[in-house]
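Below you'll find the structure, written out as structure tokens, and then a few comments.
Read the figures in this text as sums done on the coordinates, not as results from a lab. Keep in mind the model is a prediction, meaning the values are calculated, not measured. Counting neighbours? That spans all protein chains shown, and the Cβs are built from the backbone with ideal geometry, glycine included.
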Amino acid sequence: MSRSAWFPALLVLALALVLAFLGLPVAAIFLDTSPADLVGSLGEPEARDALLLSLRTTAASLALILVVGTPAAYLLATRSFRGKAVVVTLVELPLVLPPAVAGIALLASVGPGGILGPVTGDSLTLQTAGVVVALTFVASPFYIRQAQATFAALDRSWLDAARTLGASEAGAFARVAVPAALPGLAAGGALALGRALGEFGATLIFAGSFQGITQTVPLAIYDRFATDFDAALALAAVLVIVSGALLLGVKLVGRSAAFAGA
Amino acid sequence: MRRLALAALVALAAATGCGEDESSDSGRPQLTVSAAASLTEAFDALKKDYSAADLRFSFAGSDELAAQIRKGVKPDVFAAANTKLPDTLAKEGLVEKPVVFATNELVLAVAAEGAEVSSLAGLERPGVKLAVGSESVPVGEYTRTVLSGLGPTRSRAVLANVRSEEPDVKGVVGKISQSAVDAGFVYRSDVDATSGKLKAIALPAGLKPQVSYGVAVVKGVKQPAAAQAFIKNLLEGQGRAALRDAALGPPP
């Protein structure tokens, strides 16, 4: 091997390993599921309920994350203040928390016996709203982190120009910063969405598992795994397809918005 | 560079356990035991005193563990919270002949203080919140047996109050101790393990299901003798004592 060729070869080898490792289990889901099983599994009420619940709760959680997370990330990206590093670390902490810890932490804070228990009572635990809370808790850092990085990388001179031309800060945020950051925001949203769709541990511990109320697709898969492996596999395939399609869709929207904005 | 990469690969393989043999540093055989979640306390206590092997446990709902074995996962021993699952696996040729090694008692568990529910009849009141095991896990199956004994009307009233179907009995315990629900059906040993946080309400004798635990050596394991010795210990050795201390009864 010539001196110059080994490094690219190493890169290709590394990528091949990554693809084989990440791709094989996903491929196995589809190789083990016949299309008939896939369609059949969607016909069962338990699966349909789980899928609808997953879509509803994930959409609600993503909406919350976008509406609150975007301005919060903008502040973190455009201001420096005392203790900012601590704030940023706090925001990122759920990224490294095991989901079970997230579930326990939610119980200890907004569960009926938690710190805010007198206020929240049992309005969240074992309720659909509790699923949304759990998803938002684990998924929001994925979006906020990415949004903050995207806003920070924006060319400040655009924002300054907008301000010079008479735009308020709110105007500059809404009409310049957000459109310019859209591809990055979309990528962050896609990550948060994926994390929320796949959430398991925090949901089970905080919200429980009940068909149509709190049993999202990952919980339904776990519930079926013991009794009906093929049905669990079919539902898993559906989740992979839906997640993949959403991820791709959000990315495409972000890209076309970026082209339109440019 | 190539040597470095090779060394990295070898380190990776070692770290992930490729080529690892089944004996631990002390020379004792290593036994992997897939066990029902309700055996957690008894088996963890046993692990400290058990000298014949290095024990590793995987606790979960018995149904999940059985499903893993069906999918080719090979623990040395399978210990379930019923006899149905090991019997079925034996019929399928996946485990050796199972034996019954312990019994337990299904109870209604509530918070030790300020409980909303004080009897089985209290579960029928609208607004009471209940957690049960999912249909496939033994505790969930026993629970449904009890409820069907109540007759269709009362059983429906109780089922209408179910707020969560948990994958194993520890999930039910967690939901009660975190006051997410008012009550749940668990085993007496689980209430014991909460050291006073939960209180057990005994079920009427006529409704009590027979809760027997079956254990079997998984077929095709490398050290069937050590696995067999572990099961023998559960029947008459320290294992029996550990089970008794955790409030599990002897086989009938």
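The label point for A:Ala63 and the one for A:Val39, both projected 7 Å from the Cα toward the Cβ, are 3.3 nm apart.
Shielding by partners for peptide A:99-112, expressed as the average number of C-beta atoms from other protein chains within 10 Å of each residue's C-beta, is 1.
With Cβ to Cβ distances under 11 Å as the rule, what net charge do the other residues near B:Ala66 carry (K, R +1; D, E -1)?
Here the charged neighbours net out to -1.
Working note: Cα atoms of region A:123-206, range along each principal axis, descending, whole Å: 52, 24, 13.
Calculate I(q)/I(0) for chain B by the Debye formula, one identical point scatterer on each C-alpha and no solvent, and give its log10 at q = 0.10, 0.11 Å⁻¹ to two decimals. Rounded to two decimals, the profile gives -0.54, -0.63. Amide H contacts for B:Ala35 (H built 1.01 Å from N in the peptide plane; partners 5 or more residues away or on another chain; cut-off under 5 Å): B:Ser58, B:Phe59, B:Ala60, B:Ala79. Between B:Lys97 and A:Lys251, the distance separating the two model label sites (each 7 Å from Cα on the Cα→Cβ line) works out to 5.8 nm.
The slack in the chain from A:Ala161 to A:Phe229, taken as 0.36 nm per residue of separation less the alpha-carbon distance, amounts to 18.5 nm.
Would you work out the relative contact order for chain A, in percent, from Cα pairs under 8 angstrom that are 6 or more residues apart? For chain A, the relative contact order is 28 percent.
Taking a point 7 Å out from the Cα of A:Val242 in the direction of its Cβ, the residues of region A:35-58 whose backbone N falls within less than 16 Å of it are A:38-58. Compared with the alpha-carbon gap, the fully stretched path from B:Lys197 to B:Glu113 is longer by 29.4 nm at 0.36 nm per residue.
Based on alpha-carbon atoms, the Kirkwood radius and the radius of gyration of the protein assembly as shown give Rg/Rh equal to 1.03. In this simple spin-label approximation, A:Ala152 and B:Gln223 carry label points 7 Å from Cα along the Cα→Cβ vector, and these lie 5.1 nm apart. Peptide A:218-229 shows a mean partner chain C-beta count of 5 within 10 Å per residue C-beta.
Applying both filters, DSSP loop and at most 10 other Cβ atoms within 10 Å, to the trypsin sites (Lys or Arg not before Pro) of region A:160-234 eliminates every site. Helices assigned as whole DSSP H runs in chain A whose Cα atoms extend at least 24 Å along their own long axis and whose mean Kyte-Doolittle hydropathy is -1.0 or higher are found at A:6-31, A:45-78, A:128-153, A:178-197, A:229-261. With a bin width of 5 angstrom, please list the P(r) values of region A:37-257 as percents of all Cα-Cα pairs, from the 0 bin to the one holding the largest distance. Result returned by the calculation: 1, 7, 13, 16, 16, 15, 12, 9, 6, 3, 2, 1, 0, 0.
For region A:44-133, the Kirkwood estimate of the hydrodynamic radius, built from every pair of different alpha carbons, is 15.4 Å.
Per-residue shielding of B:174-184, expressed as the average number of other chain Cβ atoms within 10 Å of the residue Cβ, stands at 5.
Go ahead and estimate [θ] at 222 nm for the protein assembly as shown from helices alone: -39,500 (n - 2.57) per DSSP H run with n ≥ 4, summed, over the residue count, rounded to 500.
So the helix-based figure for the protein assembly as shown works out to -18500 deg cm²/dmol.
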